[in-house]
Amino acid sequence: MAELIMIVDDEPGVRALLNDTLRIAGFETVEASDGMSALTLLRTHKPALLVIDINMPLMDGFELVERLRTSGDATPVLMLTAREDKADITRGLKIGADDYVVKPFGIEELILRIKAILRRSTKNAAVPTLLTCGPITIDDDQHLVTFDGQEVDLSPTEYRLLQILIEKKGRVLSKNLLLDEVWGITFESESTVVDTYISYLRKKLHREGFEGIRTIRGVGFQIQEPK
């Protein structure tokens with residue numbers, strides 16, 4: 001049976017685009033034009049994921065996500081934002097969104113992100129919510145990364161990549177495995193995106209003597225506890 005995705009957006013054109021795109025990708029869809037309508041629909045529908053626009057009348061995306069999480073509803077959420085405002089993005093992730101896409105978005109990227117969230121939501125059921133490696137701690141319940149107790153600002157992709165590395169710390173992880181786990185790319189790819197994001201993590205986390213993220217040439221990457 002196809003997984004159900006709820007689209008919550010006040011723009012009819014965006015809803016129509018998302019509806020057509022998701023159905024072509026093999027999903028079932030249900031639509032709501034604002035947060036209040038979404039809450040009403042959720043009484044009778046149980047989606048696998050919600051795609052929620054931030055800027056809506058009556059009840060914006062933030063309030064909708066906050067209400068869901070406060071009520072104990074852990075349905076995965078992908079947020080849509082009209083501008084790459086770091087404050088908006090950080091707020092959305094902290095209140096419980098799983099990822100975000102900036103409008104205008106690419107259809108292929110959107111589908112890959114949705115599939116990655118759905119795969120993570122089933123895989124992560126047995127994953128500890130608190131992960132550590134040396135000075136780094138990930139508190140997944142709070143969607144928070146700290147280095148020696150100080151918060152580190154990571155993008156959703158950086159966060160997920162670090163999470164995978166620490167979940168499997170000490171193991172050498174191939175580029176293809178990381179492309180699959182983080183980006184939902186399940187085919188052979190020559191993409192350099194993994195190298196790029198590893199470099200982003202090193203810039204933010206290799207400090208105060210910690211240099212735990214290693215490149216194993218020709219194989220992949222690993223993170224190690226400091227010696």
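Read-outs: derived from the displayed coordinates by stated rules, not from any lab. Since the model is a prediction, treat every value here as computed from it, not as a measurement. In this analysis, Cβ positions are derived from the backbone assuming ideal geometry, glycine residues included, and neighbour counts consider all displayed protein chains.
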Original post:
Listing LYS204, LYS227, LYS46 from the residue with the fewest other Cβ atoms within 10 Å to the one with the most, what is the order?
Top reply: LYS227, LYS46, LYS204
Subject >> Segment ASP141-THR40, extension gain: residue separation times 0.36 nm, minus the distance between their alpha carbons >> reply: 33.7 nm
Original post:
What is the order of ILE166, ILE136, fewest Cβ neighbours within 10 Å to most?
Top reply: ILE166, ILE136
Subject >> On Cα atoms only, tilt of 107-123 relative to the major axis of the chain in degrees >> reply: 70
Original post:
What is the packing order of peptides 138-147, 59-68, taking the mean over residues of other C-beta atoms within 10 Å and listing the highest first?
Top reply: 59-68, 138-147
Original post:
Which whole-angstrom value gives the distance between the alpha carbon centres of region 145-161 and region 94-114?
Top reply: 19
Original post:
If you wrap a convex hull around the C-alpha atoms of region 1-151 and split its volume per residue, what is the figure in Å³?
Top reply: 121
Subject >> Of THR129, ILE5, ILE114, farthest towards positive along the dipole that unit charges on Lys, Arg, Asp, Glu beta carbons give the chain >> reply: THR129
Original post:
Under the definition of Cα pairs under 8 Å and six or more residues apart, what whole-number percent is the relative contact order of region 4-125?
Top reply: 22
**OP:** Starting from the Cα of ARG23, step 7 Å along the direction of its Cβ; do the same at ILE107; then give the gap between the two resulting points in nm.
**Re:** 1.4
Original post:
What 222 nm value per residue comes from the helices of the chain, counting each DSSP H run with n ≥ 4 as -39,500 (n - 2.57) and dividing by all residues, nearest 500 deg cm²/dmol?
Top reply: -11000 deg cm²/dmol
